[in-house]
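A.B. asks: Have a look at the structure that comes next, please.
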Amino acid sequence: MSTYDVTVIGSGPGGYVAAIRCAQLGLKTALIEKYNTLGGTCLNVGCIPSKALLDSSHHYYDAVNHFEKHGIETSEVKVNFTQMIDRKAEVVSQTCSGIDFLMKKNNIDVYNGFGSFVDATHIEIASEKKTETIESKHTIIATGSKPSSLPFISIDKKRVITSTEALSLKEIPKKLLVIGGGVIGLELGQVYSRLGSEVSVIEYMPKIIPGMDGMLSKELQKSLKKQGMKFFTGHKVTSVENTGDSVTVMADNKKGISTEFNADYCLIAVGRKPYTDKLGLEKAGVLANDKGQVETNGYLQTNIPNIYAIGDVVKGAMLAHKAEEEGTLVAEIIAGQKPHIDYNLIPGVVYTWPEVAAVGKTEEQLKESGVNYKVGSFPMRALGRARASMDIDGQVKVLTNADTDEILGMHIIGARAADMIAEGVIAMEFRASAEDVARSSHAHPSYTEAIKEACLAVDGRAIHS
Ligand code: FAD
Ligand code: NAD
C-alpha cells in the first residue's frame, strides 16, 4: 500500500495549489481527482471557460457596436458560435494540461478515481479500471461545490440548465431567462445578451449582486440595462416548467402580482452547495454542518485533527483565489509553519463589462457597524484613458476611517476593475491611508488614476472632477 504525508482529494484551485505547496515543503503528496482532467470547477466549467466566452462575446459586441465609431469599417460581422465554443474548449484544455505539468514537475502522485474515506488515515480510490487504498498521515478535503437549485425546480439540463450547460450550448438562445442576479447569472447573461439573446434576469432580492456595495449594484444594473438586459428584481420564482421546446417561469413581485416568462432556456444561478457526496466523511468521523459545509476551525482543521478542508466545501466565499489561499495555508500548517489569511482582503470580482471589483467593507457594512467613515468617489468618465477607449461607465469609491484615514473598502466598477482591485488589496494589506495612495504616482493615462483621484476625493481634493 502506498503511503503519503498528505493526500488531497479534489484537484480544483484549492486542491492542486495545496498539493504543490505541500510538495514544495518536502511532503510526500498524492492528489485524487474523479474527473479525467485536473483543475476542478474553476478550470473545467467555471472561471476559465466563462471568461473565454466573456472575452469572445465582448469582441463581437465591440465589433458590432463600437468599431464604426473608432473608424474601423467591416463587412457584416457574424458569430460562428461553434468556433466560439471550440475556442473555449481549447483554452480549458490548455489550462488543464498546465496542471498536469505542474503535478509532474512537483513529483505529486496523481490518482484518477473517486476518493472516499475508509477511516481517518486510509482512502479508497475507485476508478473504472481498479480500486486501491492508500494510507495518508494528513488529508485535505478539497471536493468543491455543485450548482444548487430550488426545491420545486427540476434541472433537466436541456431547457432548464446550470452554468455547466450554459457554457456549452449548441445554439444561441433567442430568449434566455436567468434566475438569480448574482455573479454567474450576470456573467453568462451578458455573454448571451451580447450574442443577440433577449436576456431577462429574475432576482429575489431588491437589487442584483446583493452582497456587494449598493453603488456597484446600481451602476452595474444601469450599464447592463443600457446594453439590453432586462431585470426583474424583488421577484420570487414560483414555478419553472420545461414545455418541450421552451420554458415557462412564473414569478411574483412584492405585491404578489404574478408574471409569466417564456424563453428557450432557463439558467438556474441561485448559488452553489458544498460537495461531499459518497466521500465517506462519517467513516473518518468528520463533521459537516446543516449547510453541508465541512466544519473547520481557524486553521481549516476538521474535528479530526489530521484532516483539513479548504475551498468551496468549507465556509466563506466560493472563489478560486480564496480556495488557493486556503490550500497554501493548510500545506504550511501541516509543515509546521504559522501562516494567516485575512478574509476581509479577499477581493470579489464580477467579470461583466463594465467589470465590478471590491475589497474590504461595503458602505452598508460600515453604516451598520457604526464606524465613523468617509467616502471618496471618482467617475470613470472624467479619465482621459476611459474616453480614449470609450469605456466611460463606472466609478471608484474608496471608504476610509474618518479618524485615521485608513482605507476600509474599495469598490470599483469600470473597465479593467478586476485588475485594478489588486491596488486596493495591496494598499489594505499594508494598512495604507487614502493619503498614502493619493501621494503615489499613477501612470497617465491609465484607469488606475481613478483610484488615486478617489483617494484624493476622500479629502475633497480630487484634481479632475
Ligand atoms: P472545485 O474547483 O469545485 O474542485 C473540486 C474538485 O474535486 C472537482 O474537480 C471534483 O471533481 C473533485 N472531487 C469532488 N469529490 C471528489 C472525490 N470524492 N474524489 C475525487 N475527486 C473529487 N471563482 C473565481 O474566483 N473567479 C471566477 O471568475 C469564477 N468564475 C466561476 C464561473 C462559474 C460558471 C462557476 C460555476 C464558478 C466560478 N468561480 C469563480 C468559482 C470557482 O470555480 C470555485 O470557487 C473554485 O473552483 C473552488 O475551488 P475548489 O478547489 O474548492 O473546488
Ligand atoms: P450568487 O450567490 O453569486 O448569486 C445567486 C443569486 O441568486 C443571488 O443574487 C440571490 O439573491 C439569488 N437568488 C437566490 N434564490 C433565488 C430565488 N429563489 N429567486 C431568484 N433569485 C434568487 O451565486 P451564483 O451566481 O450561482 O454563483 C455561485 C458561486 O460561484 C458564487 O459563490 C460565486 O462566488 C462563484 N462565482 C464567482 C465568480 C467570480 O468570481 N467572478 C463567477 C461565477 C461564480
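The values are calculated or read from the model by the stated rules, or taken from the named source; none is laboratory data. None of the values given here were measured: they were computed from a predicted structure. Counting neighbours? That spans all protein chains shown, and the Cβs are built from the backbone with ideal geometry, glycine included. Protein only, heavy atoms only, side chains kept; ligands, DNA and RNA dropped before computing areas. Shrake-Rupley method; radii C 1.70, N 1.55, O 1.52, S 1.80 Å.
A.B. asks: With the requirement that a residue be over 16 Å from A417 (Cβ atoms) and open to solvent by 40 Å² or more (accessible area, probe 1.4 Å), what does the range 211-224 give you? Talk me through it step by step, then tell me what you get.
C.D. replies: Pass one, the range 211-224, residues over 16 Å from A417 (Cβ atoms): 211, 214.
Within the range 211-224, G211 is the sole residue that qualifies.
A.B. asks: Consider L54 carefully, then state whether it is out of contact with any Pro (no Cβ under 9 Å at 6 or more places or on another chain) and either in a helix (DSSP H, G or I) or farther than 15 Å from S193 by Cβ (or both).
C.D. replies: Working: out of contact with any Pro (no Cβ under 9 Å at 6 or more places or on another chain): yes; either in a helix (DSSP H, G or I) or farther than 15 Å from S193 by Cβ (or both): yes.
Yes: the conditions hold for L54.
A.B. asks: Something else: Do we find that V91 is at pLDDT 95 or above, open to solvent by 30 Å² or more (accessible area, probe 1.4 Å), assigned to a helix (DSSP H, G or I) and within 14 Å of ligand 1 (Cβ to nearest atom) in this structure?
C.D. replies: yes
A.B. asks: Another one. If I go through the range 335-359 residue by residue, how many of them are of a type in the set (D, E) and farther than 13 Å from I209 by Cα?
C.D. replies: Qualifying residue count for the region: 1.
A.B. asks: Of all residues being touching an Asp or Glu at 6+ places or on another chain (Cβ under 9 Å) and over 18 Å from A454 (Cα atoms) in the range 355-370, which is farthest from ligand 2 (Cβ to nearest atom)? Just the residue, please.
C.D. replies: Step by step, filter the range 355-370, then rank; the result is Q365.
A.B. asks: Within the range 100-165, considering only strands (runs of 3 or more DSSP E) that don't extend past its boundaries, which have at least 1 residues that are aromatic (F, W, Y) and either within 16 Å of ligand 2 (Cβ to nearest atom) or closer than 30 Å to Y299 by Cβ (or both)?
C.D. replies: Qualifying strands (runs of 3 or more DSSP E): 109-112, 114-119.
A.B. asks: Still on this structure, please answer the following. Taking T352, is it of a type in the set (S, T, Y), in contact with a Leu (Cβ under 8 Å, 6 or more places away or on another chain) and assigned to a strand (DSSP E or B)?
C.D. replies: no
A.B. asks: Give the range 11-33 a look and list any residue that's within 25 Å of E128 (Cβ to Cβ), under 22 Å from the mean Cα position of the chain (by Cα) and away from ligand 2 (no atom under 16 Å from the Cβ), or say none.
C.D. replies: S11, G15, Y16, A19, E33, listed by residue number.
A.B. asks: Something else now. For the range 234-248: of the residues being under 19 Å from P206 (Cβ atoms) and in contact with a strand residue (DSSP E or B) (Cβ under 8 Å, 6 or more places away or on another chain), which is most open to solvent (accessible area, probe 1.4 Å)?
C.D. replies: The selected residue is K236.
A.B. asks: Please pick out the residue among I208, I172 that is hydrophobic (A, V, I, L, M, F, W, C), surrounded by fewer than 23 Cβ atoms within 10 Å (Cβ to Cβ) and in a loop (DSSP other than H, G, I, E, B).
C.D. replies: None of the others qualify; the one that does is I172.
A.B. asks: Keeping to the range 282-331, report how many residues are among the charged types (D, E, K, R), out of contact with any Ser or Thr (no Cβ under 6 Å at 6 or more places or on another chain) and buried (at least 18 other Cβ atoms within 10 Å of the Cβ).
C.D. replies: Residues meeting the conditions: 4.
A.B. asks: Working carefully through the options N107, N112, find the one that is on the phi > 0 side of the Ramachandran plot and either assigned by TED's automatic domain parsing to the domain that holds V178 or open to solvent by 60 Å² or more (accessible area, probe 1.4 Å) (or both).
C.D. replies: Details: N112 fails: on the phi > 0 side of the Ramachandran plot.
The match here is N107.
A.B. asks: With respect to A263, is the statement that it is within 13 Å of ligand 2 (Cβ to nearest atom), surrounded by 20 or more Cβ atoms within 10 Å (Cβ to Cβ) and at pLDDT 95 or above true?
C.D. replies: Details: within 13 Å of ligand 2 (Cβ to nearest atom): no; surrounded by 20 or more Cβ atoms within 10 Å (Cβ to Cβ): yes; at pLDDT 95 or above: yes.
Considered against the rule, which asks whether it is within 13 Å of ligand 2 (Cβ to nearest atom), surrounded by 20 or more Cβ atoms within 10 Å (Cβ to Cβ) and at pLDDT 95 or above, A263 comes out as no.
A.B. asks: Counting only residues that are open to solvent by 70 Å² or more (accessible area, probe 1.4 Å) and among the hydrophobic types (A, V, I, L, M, F, W, C), which one in the range 403-442 is nearest to L216 (Cα to Cα)?
C.D. replies: I426
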